[in-house]
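Working notes for the structure below.
The values are calculated or read from the model by the stated rules, or taken from the named source; none is laboratory data. For clarity, every value in this text was computed on a predicted model and none was experimentally measured. A quick note on method: Cβ atoms are made from the backbone with ideal geometry, for glycine too, and the neighbour counts reach across all protein chains shown. These area figures cover heavy atoms from the full protein model, side chains too; ligands, DNA and RNA do not enter into them. Shrake-Rupley method; radii C 1.70, N 1.55, O 1.52, S 1.80 Å.
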Amino acid sequence: TGEPLSQRETEVLRMTAQGLTNKETAHLLNISMKTVETYKARAAEKLGLRSRAEIVRFGVSQGWLDDLSE
């Protein structure tokens, strides 16, 4: 849709791409798992991503995984 992601949607998607579970993401951001799922679904919808694998591929293209090896 070309609609920009909110900061929170970006954070949740980034953490998902980096391999964190919804539970881990919820704990780190101090929000509920349901809220994590909502942000992830909304962000994926905006970007046309349909699976965790597609989210990971998107994350790689954004350079979100580059700093994980440090």
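Data table
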| item | result |
| --- | --- |
| Conditions (1) at pLDDT 95 or above; (2) charged (D, E, K, R); (3) not in a helix (DSSP H, G or I); number of the one not met by Arg42 | (3) |
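Matching residues to (1) open to solvent by 50 Å² or more (accessible area, probe 1.4 Å); (2) in contact (Cβ under 8 Å) with a residue 24 or more places away in the chain; (3) touching a helix residue (DSSP H, G or I) at 6+ places or on another chain (Cβ under 9 Å):
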{"residue": "Gln7", "(1), (2), (3)": "yes, no, no"}
{"residue": "Leu13", "(1), (2), (3)": "no, yes, yes"}
{"residue": "Ala17", "(1), (2), (3)": "no, yes, yes"}
{"residue": "Asn22", "(1), (2), (3)": "no, no, yes"}
{"residue": "Thr25", "(1), (2), (3)": "no, no, yes"}
{"residue": "Leu29", "(1), (2), (3)": "no, no, yes"}
{"residue": "Lys34", "(1), (2), (3)": "yes, no, yes"}
{"residue": "Ala41", "(1), (2), (3)": "yes, no, no"}
{"residue": "Arg52", "(1), (2), (3)": "yes, yes, yes"}
